[in-house]
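Comments concern the structure below.
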Protein chains: 2
Amino acid sequence: MAINYDNFIVKPGESTQCAQCVVRKLALFQGVKLENLEWTQAIRQEQFILKPKRRLFEEGEPPRYAYTLFSGWVAQYQTSPDGGRMIHQFALPGDFIGFQAKSGHPIDYSAQALTEITVCAFPVKELNKVLKELPELSNRLIDMHSHTIKLCRQHMLSVGRKSAKQRLAYLFLELFHRVKAIGDLMPGTEEDSIAFPLSQEDLADALGLTSVHVSRTLRELTDEGLVSVRHRRLTILNEPALTDLAQFDKAIVIQDHPLL
Amino acid sequence: MAINYDNFIVKPGESTQCAQCVVRKLALFQGVKLENLEWTQAIRQEQFILKPKRRLFEEGEPPRYAYTLFSGWVAQYQTSPDGGRMIHQFALPGDFIGFQAKSGHPIDYSAQALTEITVCAFPVKELNKVLKELPELSNRLIDMHSHTIKLCRQHMLSVGRKSAKQRLAYLFLELFHRVKAIGDLMPGTEEDSIAFPLSQEDLADALGLTSVHVSRTLRELTDEGLVSVRHRRLTILNEPALTDLAQFDKAIVIQDHPLL
DNA sequence: AATATAGCTTGATATAAATCAAGTACAACC
DNA sequence: GGTTGTACTTGATTTATATCAAGCTATATT
């Protein structure tokens, strides 16, 4: 159950200065004054690179680090004893992963890299200390939590009350717009398409469906000319129709994104 | 769409002193030092009473107040345009309702009283100011958010990956234990039973099912002697079997409850 | 006491999604 | 260049849950 830290690769020196970090504007330390960034820098471990499918942490572990995702895609999920996997949230660069207030208790979910990822690791012990010292950090974390909860609610509405087709449409739009909102950090982002590393099984596990059913449903969406998912790329072909089908509200998903 | 404030009834003077408040140990202001409670008291509006089925706020409104639930049960839900209702969370005394970080945007969910409720109302404008002034408050809010997210994840796992029977069992156990954890504040709490105001339709809307199917499924649970729901009372008759069926983990639900 | 109403039950039927089972395309590896 | 394995597709069938419809309690209302 213990994490094998051989999975981690220390990243060579460049772009490890918090003060110059291009992701910081999206991340937890956005609000920290420059002169306080020494704190951040001091408690931060090196940046780590993780290969696709590798786990950042696993449910049941006591949390040792929290992470700012620097690049790549992460799936956060829970598993039930009978094997089902439920992805409750995908993380994108800038997102803060693995933090829970009571660090004494084991964490209740897992996080897995979907692409090669880079993360900045912060020991939770230090982090909790800094949270007490720098109030602007706490308020920043509140903003981010507030946004997380909002996404969580929307996702739950999807899973609980929408058809397979609607769920799929909703997820495509959510991810498309989240990626576009931070477009300059995501390689391969175009006007109406994005790089898209999710397998149909990932989609199924995020939507409470089976991969077989996702395949069929995706085919319908494709045949109707609404989207295209090929070669790890998602293209939105008819956004109005898709938005209407999914009952998607762009404002809710990105209105209070940290960046904006 | 605007709230009709005639719905609210100002509660007569007793028990409105924050310093003596029996709910405070569970609520946002738990961590506030006694000498700082004047802030709390100052920004707090009167306590309000709301009748069952009345709404505290509705999705689409700009949030004007956030509330500490003082007594009673509240359902927090979203509706999709085609009429479906999804209850994402039930609130109990001590819970903090209706807060979102960016107060400039409309709120994306509604809150409705399931019983007669009493709330303490805090204007979000003032609240944001106090959050900046009193760091202990921010950290407290982080704890509460962290717990909310945890419950949300668990609920999502239920809705996305469990059978109707398991979902129902899980929800019964979650609510049973949450109520018991604050038992002294909940009238009618016994060793193995609690007052339980939810209708089968409420259950259905929380679980992503129809009320017809809840009726049938509940019957199965009853026939198997696992629970009994009668006269607005929930009795857990066979907790081990129920826990096993639901794959319920009591620790996750209440381990980092504010009280503990 | 009579009546209305909301919540629950139960049966018959329909449907969305799961499951089981083969087969295909395609990238990764030797 | 062939082989292996993973992801995806497609068809046939089953199952869980939804839908439609009618009747049944309780509780509240007059």
- prompt: If the Cβ limit is 8 Å and pairs must be 6+ apart or interchain, which residue in segment A:23-34 that is of a type in the set (S, T, N, Q) pairs with which residue that is in a helix (DSSP H, G or I)?
  reply: A:Q30/A:R24; A:Q30/A:R140
statement: Of the residues in segment A:98-149, those that are assigned to a loop (DSSP other than H, G, I, E, B), in contact (Cβ under 8 Å) with a residue 40 or more places away in the chain and open to solvent by 20 Å² or more (accessible area, probe 1.4 Å) come to A:F99, A:S103, A:G104, A:H105, A:P106, A:L114, A:T115, A:E116
field: Residue that is nearest to DNA strand D (Cβ to nearest atom), among those in segment B:220-233 that are under 16 Å from B:L171 (Cβ atoms) and more than 25 Å from the chain's Cα centre (by Cα)
entry: B:E220
query: Being of a type in the set (G, A, S) and open to solvent by 10 Å² or more (accessible area, probe 1.4 Å), is that true of even one residue in segment A:84-94?
result: yes
statement: Restricted to segment A:169-188 and to residues being within 16 Å of DNA strand D (Cβ to nearest atom) and more than 14 Å from chain B (Cβ to nearest Cβ), the residue nearest to B:T148 (Cα to Cα) is A:L175
message: Going residue by residue through segment A:225-237, is there one that turns out to be touching a Leu at 6+ places or on another chain (Cβ under 8 Å), more than 13 Å from DNA strand C (Cβ to nearest atom), of a type in the set (S, T, Y) and within 14 Å of chain B (Cβ to nearest Cβ)?
response: no
Subset of segment B:185-204 [part of a helix (DSSP H, G or I) and touching a residue at least 60 places away in the same chain (Cβ under 8 Å)]: B:L185, B:D202
task: Scan segment B:240-247 and give yes if some residue there is more than 19 Å from B:L203 (Cα to Cα), open to solvent by 50 Å² or more (accessible area, probe 1.4 Å) and within 14 Å of another protein chain (Cβ to nearest Cβ), otherwise no.
output: yes
message: Out of everything in segment A:53-93 that is small (G, A, S) and touching a Ser or Thr at 6+ places or on another chain (Cβ under 7 Å), what residue ends up being farthest from A:L198 (Cα to Cα)?
response: A:S71
- prompt: For segment B:45-89, which strands (runs of 3 or more DSSP E) that fit wholly inside it have 3 or more residues that are on the phi < 0 side of the Ramachandran plot and either of a type in the set (G, A, S) or more than 10 Å from every other protein chain (Cβ to nearest Cβ) (or both)?
  reply: B:47-50, B:55-57, B:65-71
query: Does A:T222 fit the bill of being surrounded by 14 or more Cβ atoms within 10 Å (Cβ to Cβ), away from DNA strand C (no atom under 12 Å from the Cβ) and part of a loop (DSSP other than H, G, I, E, B)?
result: no
- prompt: Here is a list of conditions, (1) open to solvent by 40 Å² or more (accessible area, probe 1.4 Å); (2) more than 8 Å from every other protein chain (Cβ to nearest Cβ), and A:R161 meets all of them except one; can you say which number that is?
  reply: (2)
statement: Within segment B:189-219, of all residues that are among the hydrophobic types (A, V, I, L, M, F, W, C) and more than 10 Å from DNA strand D (Cβ to nearest atom), the one most open to solvent (accessible area, probe 1.4 Å) is B:A195
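The values are calculated or read from the model by the stated rules, or taken from the named source; none is laboratory data. Everything numeric in this text was worked out from a predicted model, so none of it was measured. Methodologically, a virtual Cβ is constructed for each residue, glycine included, from the backbone with ideal geometry; neighbour enumeration extends over all protein chains shown. Side chains are part of the model used for accessible areas, which takes the heavy atoms of the whole protein and leaves out ligands, DNA and RNA. Shrake-Rupley method; radii C 1.70, N 1.55, O 1.52, S 1.80 Å.
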